[in-house]
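The values are calculated or read from the model by the stated rules, or taken from the named source; none is laboratory data. Every value quoted in this text rests on a predicted model; they were computed, and no experiment measured them. FYI the Cβ positions are ideal-geometry reconstructions off the backbone, even for glycines, and counts take in every protein chain you see.
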Amino acid sequence: TKRVTVRDIAAAKARGEKWPMLTAYDALTARIFDEAGIPVLLVGDSAAMVVYGYDSTIPVTVDDLIPLTAAVVRGSKRAMVVADLPFGSYQASAEQALTTATRFLKETGAHAVKLEGGRRVLPQAEAMIAAGIPVMGHLGLTPQSVNVFGGYRVQGRGESGEQLLQDAKALEAAGAFAVVLECVPEDLAERVTASLSIPTIGIGAGPVTDAQVLVWQDMAGMVPHTAKFVKKYAQIGEVLTDAAKSFADEVVGGVFPAPEHAYH
Ligand code: KIV
Ligand code: NA
């Protein structure tokens, strides 16, 4: 099967089609989402929280994310796999960004990278695009800047909305193929989406963006406390808790394994 490409993503916007993106961090879930028809899988630096147990994305490293990204590529057949560049792996210079992105493409087979920021990371975006690496932008609540924002709060209200729009236009002009808008007012997301010819991917940005992304553990109800913008499409956390308790009860009670689970 042929993978989804940046050309398919561009064509979807031209046709006015909306599309979903989910995060993935391992081969099994990547295969499930791929077979469910999710066209783009993001190996987010949110792995810092949902895989590695940190309380922000700041600590996670390239070496932490490379094996996860490689697993997602191996587990999927059709989806485009986007590798998130972690904090500290691209901010220093265009050269650092290109070196990091090159590692992701060569060592994992990922098809694109994502970085946070607008005009402040333009040299980085341009260098990667010039080298043939598709780049996804990320504006608004960029979690790697949590210490500047002073918490996880809505971004782009009032005057800063105009700055965000200029950042989005700059990313498009640099050749980015899509831009994530995280936790911004709905009317700003609408303005940005109407102003760009590349797709916007919303998370907490209202219904107007061209695409929507959620962290899969949030989407599937694995995480008890989530932001207002999350919709839980299942209660996997409860299902898994019940399964673990049943297994425990049956082991303690001598019910499992039954004769059919043994080799005679
Ligand atoms: O790391 C992540 O999961 C992300 C998405 C929420 C866009 O950056
Ligand atoms: Na991220």
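Please enumerate the residues belonging to segment 175-189 that are without any contact (Cβ under 8 Å) to a residue 60 or more places away in the chain and within 16 Å of ligand 2 (Cβ to nearest atom). First the steps, then the outcome.
Quick first cut of segment 175-189, residues without any contact (Cβ under 8 Å) to a residue 60 or more places away in the chain only: 175-176, 179, 181-189.
Within segment 175-189, A176, V179, L181, E182, C183, V184 qualify.
Need the failing condition index for R120 against (1) away from ligand 1 (no atom under 16 Å from the Cβ); (2) surrounded by fewer than 23 Cβ atoms within 10 Å (Cβ to Cβ); (3) within 30 Å of A71 (Cα to Cα), just the number.
(3) is the only condition that R120 fails.
Taking segment 190-203, which residues are in contact (Cβ under 8 Å) with a residue 24 or more places away in the chain and assigned to a helix (DSSP H, G or I)? Outline the logic, then answer.
Of all residues in segment 190-203, those in contact (Cβ under 8 Å) with a residue 24 or more places away in the chain come to 191-192, 195-201, 203.
Of everything in segment 190-203, those that are in contact (Cβ under 8 Å) with a residue 24 or more places away in the chain and assigned to a helix (DSSP H, G or I) turn out to be R191, V192, S195.
When the residues of segment 30-65 are filtered to those that are surrounded by fewer than 18 Cβ atoms within 10 Å (Cβ to Cβ) and in a helix (DSSP H, G or I), which remaining residue is nearest to ligand 1 (Cβ to nearest atom)?
Filtering segment 30-65 for residues that are surrounded by fewer than 18 Cβ atoms within 10 Å (Cβ to Cβ) and in a helix (DSSP H, G or I), the one nearest to ligand 1 (Cβ to nearest atom) comes out as V50.
Touching a Lys or Arg at 6+ places or on another chain (Cβ under 6 Å), within 16 Å of ligand 2 (Cβ to nearest atom) and of a type in the set (D, E, K, R) - does that describe any residue in segment 76-91?
yes
Return the only residue of D218, D187, D249 being assigned to a helix (DSSP H, G or I) and crowded, with 20+ Cβ neighbours inside 10 Å. Give the steps one after another, and end with the answer.
Details: D187 fails: crowded, with 20+ Cβ neighbours inside 10 Å; D249 fails: crowded, with 20+ Cβ neighbours inside 10 Å.
Just one listed residue meets the conditions, D218.
Test A168 against the stated conditions and say whether it is more than 16 Å from ligand 2 (Cβ to nearest atom) and surrounded by 24 or more Cβ atoms within 10 Å (Cβ to Cβ).
Numbers: more than 16 Å from ligand 2 (Cβ to nearest atom): yes; surrounded by 24 or more Cβ atoms within 10 Å (Cβ to Cβ): yes.
Yes.
Checking L214 against (1) within 26 Å of T29 (Cβ to Cβ); (2) out of contact with any Leu (no Cβ under 8 Å at 6 or more places or on another chain); (3) modelled with pLDDT of 95 or more, which single condition isn't satisfied?
(2)
Looking at (1) under 20 Å from T193 (Cα atoms); (2) without any contact (Cβ under 8 Å) to a residue 12 or more places away in the chain, which is the one condition that is false for I32?
(1)
Scan segment 190-210 for residues that are away from ligand 2 (no atom under 15 Å from the Cβ), small (G, A, S) and within 28 Å of A127 (Cβ to Cβ) and jot them down.
Narrowing segment 190-210 to residues away from ligand 2 (no atom under 15 Å from the Cβ): 190-200, 206-210.
So of that shortlist, the ones also small (G, A, S) come out as 194-195, 197, 206.
Answer for segment 190-210, where residues must be away from ligand 2 (no atom under 15 Å from the Cβ), small (G, A, S) and within 28 Å of A127 (Cβ to Cβ): S195, S197.
Quick one: how many residues across segment 80-110 are within 16 Å of ligand 1 (Cβ to nearest atom) and either part of a loop (DSSP other than H, G, I, E, B) or small (G, A, S) (or both)?
Just the residues of segment 80-110 that are within 16 Å of ligand 1 (Cβ to nearest atom), to begin with: 80-91, 100-101, 104, 108, 110.
Keeping just the survivors that are either part of a loop (DSSP other than H, G, I, E, B) or small (G, A, S) (or both) gives 83, 85-91, 101, 110.
Qualifying residue count for the region: 10.
Say we look at segment 130-145 and pick out the residues that are crowded, with 17+ Cβ neighbours inside 10 Å and either in a helix (DSSP H, G or I) or at pLDDT below 95 (or both); which of these is nearest to ligand 1 (Cβ to nearest atom)?
To start, the set of residues in segment 130-145 that are crowded, with 17+ Cβ neighbours inside 10 Å comprises 133-144.
Subset that is either in a helix (DSSP H, G or I) or at pLDDT below 95 (or both): 143-144.
Numbers: P143: 7, Q144: 9 Å.
Ranking the candidates gives P143 first.
What is the residue count in segment 206-229 for residues that are within 14 Å of the chain's Cα centre (by Cα) and among the hydrophobic types (A, V, I, L, M, F, W, C)? Even if it seems obvious, please write down each step before you answer.
Residues of segment 206-229 within 14 Å of the chain's Cα centre (by Cα): 211-219.
Narrowing further to those that are among the hydrophobic types (A, V, I, L, M, F, W, C): 211, 213-216, 219.
Adding up the residues that qualify gives 6.
When segment 202-215 is examined, which residues are found to be hydrophobic (A, V, I, L, M, F, W, C) and either under 15 Å from G156 (Cβ atoms) or away from ligand 1 (no atom under 11 Å from the Cβ) (or both)?
Our first condition is that a residue be hydrophobic (A, V, I, L, M, F, W, C); within segment 202-215, this holds for 203, 205, 208, 211, 213-215.
Correct list: I203, A205, V208.
Determine which member of the set G161, G206 is of a type in the set (G, A, S) and either outside any loop (DSSP other than H, G, I, E, B) or not assigned by TED's automatic domain parsing to the domain that holds G88 (or both).
On the way: G206 fails: either outside any loop (DSSP other than H, G, I, E, B) or not assigned by TED's automatic domain parsing to the domain that holds G88 (or both).
After applying the criteria, what remains is G161.
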